[in-house]
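Trainee: Right, I'll just put the structure down here and ask away after.
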Amino acid sequence: MSTKTLPGRGDTHEPTAAQPDRSAGRRRLAVRSTARGRQTRAAWILAAPFLALFLAFMLLPVVWSLLMSLTDTQSADLRTPLNVSFTGFETYVRLFEDEQFVHALRNTAVFVLVGLPLTLATGLAAAVALNSGIGRFRAVFRVGFYLPVITSVVAIAVVWKTLLEPRAGLVNTVLGWFGIDGPAWLADTRFALPVMIVMAVWRNLGTVMIIMLAGLQSVPQSLMEAAELDGAGAWQRFWRVTFPLLRPALLLTAVTTGIGYLQFFDEPFVMTDGGPLDSTLSATMYAYNQFGNGNYNVASAAGYVVFVLIIALTVLQFRVLRDKD
């Protein structure tokens, strides 16, 4: 018969594997939490300058602009903000009753609906051409196509304006060699907006080309060889194999280019100042003019209309490409 001895009062217990030292574990947790807290504070300290600038120059102006679009704020009201009254959506209603703004929206829509597909198509065509076997000249063509992207928009607009001068411009001079009397491109309502679209396509196709070229070079060669063995022609291989794999790149370029075209401002501002007869007036330029005239509420409302259009176009592009996946 075995007997068990009970520990006396004077006995001491040493920690064993079955009885871990809980106090040591708590100390380790405390050290870890302290270190984690220091890292969190350091992160907030490092991010504080950016957050302060973002709050001061991004978030607050956006909120303030929204509030101004819902009031009757004019330039003189900035000194006496208490005299401003809340008008709700009355500014937006009057905005869409303004024929000039409706005309500016129409110009913007034409610019996007014509310029965006042309930019995507020409950029993709240039990428396919460069990927087809230009060889050692590929880098030269790549730089040539991309050079307008990194060049100042104002500088490009000034050069194009000089080329399109009715009398001394290079374009009309060349047309004159063939007995063609060139028009006043930027002073004719029939040609002013198309010229803007052509210039925008030429300036932006480099970005589309670079992104599409990267997508083309990432297509597995084994898929192309398998499709060729199955009897698929060049067009079928491109449409059935290559193009579906390019859809993410197409989405990226469509969204970024579409956003830029909805906000197009620099070209008409430098070249035509919105003319002739508002034929190149864009929605953002309309907002700029209203701001310069002291109609801050109207300018803010026009800016938010453009913002809503950007969101709508982006969502539409995502849904269209997602439905085809």
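Trainee: Please specify each residue of segment 35-75 satisfying the condition of being of a type outside the set (A, V, I, L, M, F, W, C), assigned to a helix (DSSP H, G or I) and closer than 19 Å to ALA301 by Cβ. Explain how you work it out, then say what you get.
Mentor: If we filter segment 35-75 for residues that are of a type outside the set (A, V, I, L, M, F, W, C), which is where we start, we get 36-41, 49, 61, 65, 69, 71-75.
Those left that are additionally assigned to a helix (DSSP H, G or I): 36-41, 49, 61, 65, 69, 75.
Within segment 35-75, PRO61, SER65, SER69, SER75 qualify.
Trainee: Could you list all residues from segment 139-191 that are out of contact with any helix residue (DSSP H, G or I) (no Cβ under 8 Å at 6 or more places or on another chain), in a helix (DSSP H, G or I) and of a type in the set (A, V, I, L, M)?
Mentor: Those that are out of contact with any helix residue (DSSP H, G or I) (no Cβ under 8 Å at 6 or more places or on another chain), in a helix (DSSP H, G or I) and of a type in the set (A, V, I, L, M): ALA139, VAL140, VAL143, ILE150, ALA155, VAL159, VAL174, LEU175.
Trainee: Kindly list the number of the only condition in (1) at pLDDT 90 or above; (2) of a type in the set (Phe, Trp, Tyr); (3) surrounded by fewer than 16 Cβ atoms within 10 Å (Cβ to Cβ) that fails for TYR304.
Mentor: Every listed condition holds for TYR304 apart from (3).
Trainee: Hey, does segment 219-241 have a residue that's among the hydroxyl-bearing types (Ser, Thr, Tyr) and touching a residue at least 24 places away in the same chain (Cβ under 8 Å)?
Mentor: No, segment 219-241 contains no residue that is among the hydroxyl-bearing types (Ser, Thr, Tyr) and touching a residue at least 24 places away in the same chain (Cβ under 8 Å).
Trainee: Next question. Looking at segment 236-276, which of its residues are assigned to a loop (DSSP other than H, G, I, E, B), hydrophobic (A, V, I, L, M, F, W, C) and within 28 Å of SER152 (Cβ to Cβ)?
Mentor: Across segment 236-276, the qualifying residues are PHE264, PHE265.
Trainee: Which one of the conditions (1) more than 28 Å from the chain's Cα centre (by Cα); (2) within 18 Å of THR122 (Cβ to Cβ) does ALA254 fail to meet, given that it meets all the rest?
Mentor: In the conditions (1) more than 28 Å from the chain's Cα centre (by Cα); (2) within 18 Å of THR122 (Cβ to Cβ), ALA254 misses (1) alone.
Trainee: For segment 175-231, how many residues are in contact with an Asp or Glu (Cβ under 7 Å, 6 or more places away or on another chain) and closer than 30 Å to SER132 by Cβ? Lay out the reasoning, then the answer.
Mentor: As a first pass, look at segment 175-231 and keep what is in contact with an Asp or Glu (Cβ under 7 Å, 6 or more places away or on another chain): 196, 199-200.
Imposing the further condition that a residue be closer than 30 Å to SER132 by Cβ reduces the set to 199-200.
Qualifying residue count for the region: 2.
Trainee: Among the candidates THR284, THR314, single out the residue that is buried (at least 16 other Cβ atoms within 10 Å of the Cβ), within 21 Å of the chain's Cα centre (by Cα), among the β-branched types (Val, Ile, Thr) and closer than 30 Å to PRO183 by Cα.
Mentor: After applying the criteria, what remains is THR284.
Trainee: So, in segment 215-240, how many residues would count as being farther than 23 Å from LEU120 by Cα and exposed (fewer than 14 other Cβ atoms within 10 Å of the Cβ)?
Mentor: Total satisfying the criteria: 8.
The values are calculated or read from the model by the stated rules, or taken from the named source; none is laboratory data. These numbers were taken from a predicted model, which means no experiment stands behind them. Using ideal geometry, Cβ is built from the backbone for each residue, glycine included, and neighbour counts are taken over all protein chains shown.
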